[in-house]
Amino acid sequence: MDTPAYLLAIGTKKGLWLARSTDRRSWDVSQPHFLMQEIPAIGIDTRGGRTRLLVGVRSEHFGPTVVHSDDLGASWNEPDRASIAFDEGDGAAVERIWQILPDAEGRPGVVWAGAQPISVWKSTDGGETFELNRALWEHPDKGEWGAGYGGAAAHSIVPDSRDPGLVHIAMSTGGVYRSRDGGASWERASKGISAYFLPDPEPEIGQCVHKISADPDGRLYAQNHRGVFRSDNQGEQWVSIADGLPADFGFVMLTHPRRGGTAWVIPLVSDFERIAPGGHLAVHRTDDAGETWRAFDGGLPAVDFNTVLRDAACVDAGEPVGVYFGTRGGSVFASSDEGESFVAVATGLPDVLCVRAVVLDGWADPSAVAGAAERTTAG
């Protein structure tokens with residue numbers, strides 16, 4: 001087998017950068033793609049023996065769309081018409097694509113997307129065209145959904161790898177919703193997630209959930225506007241797992257791809273003080289489904305007052321699992337030991353909005369990532 005290769009895609013306010021490594025400590029970073037265009041969403045699809053980069057691009061002039069590359073960024077396929085767009089009669093326009101997610105290995109061609117205004121979209125052709133999920137768009141709760149600070153968005157989509165009918169989504173604001181029939185219908189699934197800012201602090205609807213993720217055992221985890229939660233029954237009931245964290249505000253929620261009970265968060269002080277406690281970023285990991293947490297900051301700056309946004313963090317499927325995050329100050333960090341220590345991949349980039357990582361069989365040649373230019377080495 002070839003030496004594993006690691007690809008990290010970095011979406012920012014002003015373009016896309018691609019980084020490659022063979023050890024997750026030394027990185028080659030490309031020149032920017034789509035310079036001066038916003039990249040809030042990235043998906044990497046490795047199903048079917050092909051690596052397809054799916055990138056949500058937002059142009060101030062042309063608006064948002066999804067482009068893709070099947071050659072690691074050497075060339076891009078840009079549709080003539082926006083691939084995610086409402087029909088004329090819908091009375092809405094897509095403002096931003098917040099999420100692009102290839103479905104499970106056994107569902108080739110299926111790619112999900114979440115957008116602003118709150119909407120979920122599905123592709124069955126590998127992300128070339130998307131269809132609006134009308135059951136959610138026309139949901140009777142829609143009038144009670146609101147906009148978070150970044151806008152009204154469906155930002156988390158979690159299809160169950162074992163049950164093709166089971167899908168969870170989260171939105172800001174509105175909460176968690178669940179479908180048991182592949183998106184044909186949706187029901188509320190936020191019970192137990194608090195919303196201190198509403199008259200009823202435990203409403204059926206209206207929670208500003210920042211991110212959800214699922215572990216391999218089927219548990220769901222949520223980072224809320226305030227609060228960190230877990231559900232052991234597909235969203236029927238959520239319980240707090242914030243004890244042991246220095247703060248319960250934040251945007252990041254990551255889970256291990258193979259080991260149940262392992263999750264990562266990056267706490268921030270509060271909604272009024274969106275910085276890490278003490279101005280020092282640290283990644284917190286639980287290995288027991290939130291019963292206890294440990295903080296890790298090896299290799300991270302001693303002082304950093306920048307925020308990490310909800311999709312500016314990810315994991316890969318390596319062994320051990322790699323953990324990655326980027327800041328609004330334009331720094332990107334990588335861990336090859338499940339978050340216990342980090343190296344800098346890049347600094348001086350624009351605001352990092354999204355990072356996605358994937359493990360490949362190997363690089364075909366030293367320039368396998370288009371435009372490779374800069375090398376960063378852990379020291």
Notebook entry, point to check: In segment 97-111, is there at least one residue being in contact with a Pro (Cβ under 7 Å, 6 or more places away or on another chain), in contact (Cβ under 8 Å) with a residue 12 or more places away in the chain and farther than 23 Å from residue 49 by Cβ?
Noted result: yes
Notebook entry, point to check: Looking at segment 38-88, which of its residues are among the polar types (S, T, N, Q) and either in contact with a Leu (Cβ under 6 Å, 6 or more places away or on another chain) or within 19 Å of residue 102 (Cβ to Cβ) (or both)?
Noted result: 46, 51, 65, 69, 77, 83
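How about segment 127-151: which of its residues are of a type in the set (Gly, Ala, Ser) and touching a strand residue (DSSP E or B) at 6+ places or on another chain (Cβ under 6 Å)? Let's see the steps before the verdict.
First, the residues of segment 127-151 that are of a type in the set (Gly, Ala, Ser): 127, 135, 143, 146-148, 150-151.
Those that are of a type in the set (Gly, Ala, Ser) and touching a strand residue (DSSP E or B) at 6+ places or on another chain (Cβ under 6 Å): 127, 148, 151.
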Item checked: Criterion: assigned to a loop (DSSP other than H, G, I, E, B), hydrophobic (A, V, I, L, M, F, W, C) and modelled with pLDDT of 95 or more - qualifying residue of 355, 345, 303 -> 303
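The values are calculated or read from the model by the stated rules, or taken from the named source; none is laboratory data. This one's a predicted model, so the numbers in the text were calculated from it and none came from an experiment. A quick note on method: Cβ atoms are made from the backbone with ideal geometry, for glycine too, and the neighbour counts reach across all protein chains shown.
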